[in-house]
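Read-outs throughout are calculated quantities, based only on the coordinates presented, and are distinct from any laboratory measurement. Bear in mind the structure is a predicted one, so any value in this text is a computation, not a measurement. All Cβ positions, even for glycine, are placed from backbone atoms using ideal geometry, and neighbour counts span all protein chains on display.
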Amino acid sequence: MQLLQDLQRQLAELDRQHLRRTRRIVEGASGAELRVARPDGGGARTMLAFCSNDYLGLAGHPALAAALADGARRHGVGSGASALISGHHRAHHDLEARFAALQAPHIPQCRALLFGTGYLANLATVTALADRETEIFSEELNHASLIDGVRLSAAARQVYPHADLAALERLLAASTARRRIIVTDAVFSMDGDVAPLPALLDLARCHGAWLVVDDAHGFGVLGERGRGTLAHFDLHAEHLVYVGTLGKAAGVAGAYVAAHESVIEWLVQRGRPYVFSTAPPPALAVALGAALDIITGPEGAARRETLRGHVARLRAGLQVRPWRLLPSQTPIQPIVIGDNAATMAAAAALQEQGLWVAGIRPPTVAPGSARLRVTLSAAHTPEQVDRLVQALNALARAAGT
């Protein structure tokens, strides 16, 4: 009983600080509008969703659904084993080759490796590359999966302030480690800004370090043909290690790591989340192939153009003082309110109007920086963006009086 009482006291403390998280039940396919079950069990309602990472609107795309169904008919619904036993299917192999070709202009002798989730990809990459003679330099605002990978590794670690290149350079210059690894998000998931990757790569070159780039929110959205932030900045280096997530703009699930073939071979041998996980279903690889066709083709280009228009429309229309709209040109548009209770009250007020915007609180963001995290999709219409702008402006005016 004491064990349960301890947990119950901790849960009550989360409630007191307005930090308890809850799940909502969604019915039907992902899209700009979602059918969401009411918390009281009184049926479902349609809500306009500005909380998804489905940036290109592909999660409910008929071509992806058809590809997934076809893949399941041809290959079944499971892989049966880990990739190193019998789970590495031809569909996985062919998809990895396509991802390697996508990043080959930026990484010499590029090869790619498919993972079930971005979390697993980051854990495997960081822990496999680092050893006891390694020092890792981790961005302050990195995603939890990178942070956990750093913590699980045997390496010494330093956390440098957000986008502070001078601080990072001092840390690198002082390091005596045999191996150095710089680890960063490409697009920061809670702020929406883009890491200074060209300068980070210059520092990596100067100090003989790996540069691990988690492009979870950039792949499919940024760069020529949606190839991500390496293409966006036109970066080239053999010591780049690129992680592209496939459950966001790609609309399906999973992730891939693209790097020099020696890095990928080492991950196959020593990346524990890869070695000891059942391989993803081959049908998902077929669906991802269909997503990649769209992302890199004319339809993907049109969707990215629509998305850029939505970002510009939202930013031009918002007048949210006393709140603060962060300077982001990506589909992630954070509005910092500060107080946890006020943030969740604003999110609840939007939900009453049929608008679903996520309220983000610590520990996801720093104390005192709770925010509404607006995410835009190519599936939205201009009129839907305008509806959100009007609602946010009205709430901000009420908060300032």
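What ³J(HN,Hα) values, in whole Hz, does the Karplus curve 6.51 cos²θ - 1.76 cosθ + 1.60 give for the stretch 341-355 when θ = phi - 60°, with x put for Gly and Pro?
5, 5, 5, 6, 5, 5, 5, 5, 5, 5, 5, 4, 8, x, 10
Using a Förster radius of 45 Å, what is the FRET efficiency between His162 and Ser86 based on their Cβ-Cβ separation? Nearest 0.05, please.
0.55
Output wanted: per-residue J couplings in Hz (rounded whole) for the stretch 296-311, from phi through Karplus 6.51 cos²θ - 1.76 cosθ + 1.60, θ = phi - 60°, x for Gly and Pro.
Here the 3J(HN,Hα) series is 8, x, x, 5, x, 4, 5, 5, 5, 5, 4, 4, 4, x, 5, 4 Hz.
Quote to one decimal, in nm, the extra length available between Ala366 and Asp202 on full extension: 0.36 nm per residue of separation minus the C-alpha distance between them.
Extending this stretch completely gives an extra 56.1 nm.
So, with +1 on the Cβ of K and R and -1 on the Cβ of D and E, and no other charges, what is the size of the charge dipole of the chain about its Cα centre, to the nearest 20 debye?
The calculation lands at about 640 debye.
Say each of Gln109 and Arg132 gets a label point 7 Å from the Cα, pointing the same way as Cα to Cβ; how far apart are those two points in nm?
2.9 nm
Report the residue, chosen from Ile25, Ile182, Ile264, that carries the largest GNM mean-square fluctuation when the chain is represented by alpha-carbon nodes joined by springs under 10 Å.
Result: Ile25 has the largest fluctuation of those listed.
Between the DSSP loop rule and a limit of at most 16 other Cβ atoms within 10 Å, which GluC sites (Glu not before Pro) in the stretch 251-327 are left?
Taking the stretch 251-327 and a limit of 16 other Cβ atoms within 10 Å, no loop GluC sites (Glu not before Pro) are found.
Please compute the length gained on full extension between Leu19 and Glu169, using 0.36 nm multiplied by the number of residues separating them and subtracting their Cα-Cα distance.
50.4 nm
Once each part is reduced to its C-alpha centroid, what is the distance from the stretch 307-337 to the stretch 66-121 in angstrom?
When both Cα centres are located, 36 Å separates them.
Tell me the mean residue ellipticity at 222 nm calculated for the chain from its helices only (DSSP H runs of n ≥ 4, each -39500 (n - 2.57), averaged over every residue, nearest 500).
Only helices count here, giving -13000 deg cm²/dmol.
Tabulate in residue order the Karplus-calculated ³J(HN,Hα) for the stretch 318-324, using 6.51 cos²θ - 1.76 cosθ + 1.60 with θ = phi - 60°, rounded to whole Hz; enter x for Gly and Pro.
Running phi through 6.51 cos²θ - 1.76 cosθ + 1.60 with θ = phi - 60° gives 6, 9, 10, 4, x, 6, 10 Hz.
Take the Cα pairs of the chain, get the Kirkwood Rh, then feed it into Stokes-Einstein at 25 °C and 0.890 mPa s and tell me D in µm²/s.
110 µm²/s
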